[in-house]
Amino acid sequence: MAPQRRGKVPSLPATNVSKVIKAALPPETSVSREAKDEVAAAASVFIHFITSGALDYCHARKKSTITPEDVLEAIRESELNEFFEPLQQYLADIKEEAAKKPKK
């Protein structure tokens, strides 16, 4: 396991990071371990940033639970507009699929 860097930001599992990288790149592309570590670190920082924004959004509305909608609002407030609409559609698709599943 690589030493943790950048303060107290926990790292994502290397296997998960490798799978995401592999899915995003052409098959013949190879990625060094160091590059994978950097992607993992950047993703961790991004997750913390968005989670912090979602938590601030919840606190301002006196809510104690972060919902997917709160995460979307944090993305919008962070001016990450290129992510907002695709994620909003993804959330709508997930909700639609969940509504189709039979209740147990």
Margin query: For the pair residue 22/residue 81, report the inter-label distance in nm, with labels modelled 7 Å from Cα in the Cβ direction.
Written below: 3.7 nm
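Calculate, for residue 14 and residue 63, the FRET efficiency according to 1/(1 + (r/R0)^6) with r their C-beta to C-beta distance and R0 30 Å; round to the nearest 0.05.
Numbers: r = 34 Å, r/R0 = 1.13.
Given R0 = 30 Å and the Cβ-Cβ separation, E is 0.30.
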Item checked: Residue-averaged 222 nm ellipticity for the chain, from DSSP H runs of 4+ at -39500 (n - 2.57), nearest 500 -> -22500 deg cm²/dmol
Note to self: Please check: in the Gaussian network model of the chain (C-alpha springs, under 10 Å), which one of 50, 75, 21 has the largest mean-square fluctuation.
What the structure shows: 21
Notebook entry, point to check: What is the calculated FRET efficiency for residue 32 to residue 98, with r their C-beta to C-beta distance and R₀ = 41 Å, to the nearest 0.05?
Noted result: 0.55
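Skip the ligands, DNA and RNA, and give the accessible area per residue of the chain with a 1.4 Å probe, whole Å².
80 Å²
Expressed as a whole percentage, what fraction of the accessible surface of segment 21-104 belongs to carbon and sulfur atoms when a 1.4 Å probe is rolled over the protein heavy atoms? Provide the component values of the computation, followed by the final result.
Details: 3840 of 6510 Å².
Solvent-exposed carbon and sulfur of segment 21-104 make up 59 percent of the total.
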Checklist line | lysines with Cα under 28 Å of residue 62, excluding same-chain neighbours fewer than 8 positions away | finding: 8, 95
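Roughly speaking, what % of Cα-Cα pairs in the chain are separated by over 18 Å, rounded to a whole number?
Numbers: 3391 of 5356 pairs.
Value for the chain: 63 percent of Cα pairs lie more than 18 Å apart.
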Item checked: Crossing angle, helix 68-77 versus the chain [Cα axis fit, 0-90 degrees, rounded to tens] -> 70 degrees
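The values are calculated or read from the model by the stated rules, or taken from the named source; none is laboratory data. Values in this document were obtained by computation on a predicted structure and should not be read as measured data. Cβ coordinates were reconstructed from backbone atoms using ideal geometry, including for glycine residues, and neighbour counts include every protein chain displayed. These area figures cover heavy atoms from the full protein model, side chains too; ligands, DNA and RNA do not enter into them. Shrake-Rupley method; radii C 1.70, N 1.55, O 1.52, S 1.80 Å.
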